[in-house]
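To keep things clear, I will list the structure first and then write my remarks on it.
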Amino acid sequence: MEDFISLYTSDFIYNAGLVGFVRLLENTGAQKGEDYEIINNELRVSKKFLLSIDLAQAYIDTHIAVFAPNSAYTRLLNDEVDNIQKLTKIYIENENKDNKKKLDDRYNFLLGNSGLARASYITACAILQAKNINIDLKTECKKIKEIKDYEEKYKELLQLKEKLQDDFCKETFLMKDIMYSRINAIWSGKSFLNRANAKKDIKGIYYKDFVEGMGKYLKEPPKEKKSSRHCIVCDAVLAKPIDISFLNDSADDMARKKSAFWDYKPDAHLCPICAFVYSLAPLGFVPLERDMIFVNHNTDIDNLVSVNKNIIAAVNLRKDEQENVWYKIWNAVVQEILNQKVVLCDNIQVVVREKDQEKYNFNVIAKDILILLQECMKDIEKIGKKSIQLHPPEYFNVQDAVLRNIFNRNNQYNLLNSIIHYSLQENKQVGYLYNVLMIQQKMTGGDNMERAKANMFYVRKLYKEGQQLRGFFVSDRGGSADVDNKLRGLTFQLLNALQINDDNHFWQIILKTYAGYGRPVPSEFLEGFANSDVFQQLGYAYILGLKSNSKEMEKENSKIEGKK
């Protein structure tokens, strides 16, 4: 028999499984170039290596290595117990009702149905009991709850923690967390995720359903017969077909519903190797709170692994940075893909598995969008962590909105108009909108188009003209508050003209304003009649200049970049 099996990129879940396979190989200490190798879109794995290791245990160990840091088990036994320790110390030093309530609340959470007494942990106890490890979590939690002395209570909690951190206990509880928070987002209804198997040994049932058949297949592949059926992914001959319906949103249960198949004969079956790869798919996804993300770049497996590893780093954020997480994800995706030493010739698919909605959300990034994103990243970064309440009580993330407009090929003008209106009503500074306008400029061609070169010059010039009119009002009125009141009405009128694309009305307002104060009308406004897009760009540039604050005005120098 051949020494290696060859696996090729396919659909996005299978590709996630290939990434998961690589992670499993790395976690088991497999040597790249010896035990496995990657050649473009092919993953070759040594049969000898696969048959020499405990694949079921490797599956468990790799999932724990990847997902344990953010698991409920880790949070409960580390963060929650640490919180209780601090609150216990505070209460002992100062016994009052407030401190007692805070401490009782933490105990009630930790020892309740959302904590250590959750249903999945109770079934874990049944698995442990079969291994002669007797832990009755319900009884243990109830006993600790009933203790009145808080020092004794905490000592009992530490003893329970020590029991739960026994190696096999830890493994079992962690896998219970991982299977219900991560694995069942991708596949379910089979092996340890079959309800009938909830109290069975996790490793044993996974071995039976995914590893045992694969081992037999590697040792002696079935021979082709006239009646042979073939794997829907790799076309291998099947000895015992495996139903693909364990993958979420893939197919109905083929044993129960055959009407979707020709002549009522289901043909969507898998070989043991492809089924094993699919079972590894959760390892290819990157966890983001309750959701999962996978970047599908199926021309090269090394790129697949690399870009998804970079996203792991991007989402490994402190809690106070979570509001900016999508910008960091897209930045990681774009930078990694564009930094590859290959020519971009395909679109990139970003898949989000939404846990609460129980569905996949697909975003396709075309090559031209990737290049545009690379050009815009500095401006996107300068927008910063801006979340505003356009429609209270919900907050609205500006970076996210800008990115969605880019991906959906929508212009940024409606976003500019809405936020400027908001800033006028709430008296907020929105200097970051200049960066949004620069992004829109790049979306319409940027410096790659001769017409846009002229536009870039006039955009910056009219932004400065808006600043100069504001400066005139500051010197004339003697205070920024009076200036804001005076300019608010003018800005509303100009915004309304821009919103309905009425360049004549916009021009009349400008003429009336400049004539009323005996100031010459900037000749650059004449460029605004070139077309509606130029009118929008120049109009918003001027309004943003009017809205700029003193710091932004000082920051601007006399140099206007670009060419006429």
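Of the residues Lys203, Lys226, which is open to solvent by 40 Å² or more (accessible area, probe 1.4 Å), among the charged types (D, E, K, R) and modelled with pLDDT of 95 or more?
Values: Lys226 fails: modelled with pLDDT of 95 or more.
Exactly one of Lys203, Lys226 is open to solvent by 40 Å² or more (accessible area, probe 1.4 Å), among the charged types (D, E, K, R) and modelled with pLDDT of 95 or more, namely Lys203.
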**Asked** Which residue pairs have Cβ atoms closer than 7 Å, lie 6 or more positions apart in sequence or on different chains, and pair a first residue in segment 105-126 that is on the phi < 0 side of the Ramachandran plot with a second residue that is polar (S, T, N, Q)?
**Response** Arg106/Asn83; Ala124/Thr172
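Return yes or no: is Phe457 surrounded by fewer than 16 Cβ atoms within 10 Å (Cβ to Cβ) and either modelled with pLDDT under 85 or in a helix (DSSP H, G or I) (or both)? Let's see the steps before the verdict.
On the way: surrounded by fewer than 16 Cβ atoms within 10 Å (Cβ to Cβ): no; either modelled with pLDDT under 85 or in a helix (DSSP H, G or I) (or both): yes.
Here the answer is no, as Phe457 does not meet what is asked.
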**Enumeration of residues in segment 164-173 that are farther than 16 Å from Asp61 by Cβ and surrounded by 15 or more Cβ atoms within 10 Å (Cβ to Cβ)** = Leu164
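What strands (runs of 3 or more DSSP E) lie completely within segment 4-53 and have 1 or more residues being open to solvent by 30 Å² or more (accessible area, probe 1.4 Å) and of a type in the set (Gly, Ala, Ser)?
Working: elements: 4-8, 36-39, 42-46.
Per the criteria, 4-8.
Which of the residues spanning segment 92-130 are under 27 Å from Asp149 (Cα atoms), more than 31 Å from the chain's Cα centre (by Cα) and open to solvent by less than 30 Å² (accessible area, probe 1.4 Å)? Give the derivation first.
From segment 92-130, those under 27 Å from Asp149 (Cα atoms) are 92-118, 121-122; that's our starting set.
From the residues that got through so far, the ones that are more than 31 Å from the chain's Cα centre (by Cα) too are 92-105, 107-108, 111, 122.
Result: Asn99, Leu103, Tyr107, Leu111.
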**Prompt:** Is it the case that Ile92 is β-branched (Val, Ile, Thr), assigned to a helix (DSSP H, G or I), in contact with a Lys or Arg (Cβ under 8 Å, 6 or more places away or on another chain) and not assigned by the TED database to the domain that holds Asn308?
**Reply:** no
**Asked** Does segment 186-198 include one or more residues that are over 30 Å from Phe49 (Cα atoms), open to solvent by less than 70 Å² (accessible area, probe 1.4 Å) and part of a helix (DSSP H, G or I)?
**Response** no
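Could you check segment 131-148 and list, in sequence order, the residues that are of a type outside the set (Val, Ile, Thr) and open to solvent by less than 80 Å² (accessible area, probe 1.4 Å)?
Going through segment 131-148, the residues of a type outside the set (Val, Ile, Thr) turn out to be 131-132, 134, 136-138, 140-143, 145-146, 148.
If the condition is that a residue be of a type outside the set (Val, Ile, Thr) and open to solvent by less than 80 Å² (accessible area, probe 1.4 Å), then Leu137, Glu140, Cys141 are the ones that fit.
Only one residue in Val364, Val352, Val342 is modelled with pLDDT of 65 or more and either assigned by the TED database to the domain that holds Ile13 or under 22 Å from Tyr8 (Cα atoms) (or both). Which one? So that I can check it myself, show each step before the final result.
Details: Val352 fails: either assigned by the TED database to the domain that holds Ile13 or under 22 Å from Tyr8 (Cα atoms) (or both); Val342 fails: modelled with pLDDT of 65 or more.
Testing whether each residue is modelled with pLDDT of 65 or more and either assigned by the TED database to the domain that holds Ile13 or under 22 Å from Tyr8 (Cα atoms) (or both) leaves just Val364.
The values are calculated or read from the model by the stated rules, or taken from the named source; none is laboratory data. Because the structure is predicted, anything quoted here is derived from the model rather than measured. Glycine gets a Cβ as well: all are built from the backbone with ideal geometry, and neighbour counts include every protein chain shown. The accessibility values were calculated without ligands, DNA or RNA, using every heavy atom of the protein model including side chains. Shrake-Rupley method; radii C 1.70, N 1.55, O 1.52, S 1.80 Å.
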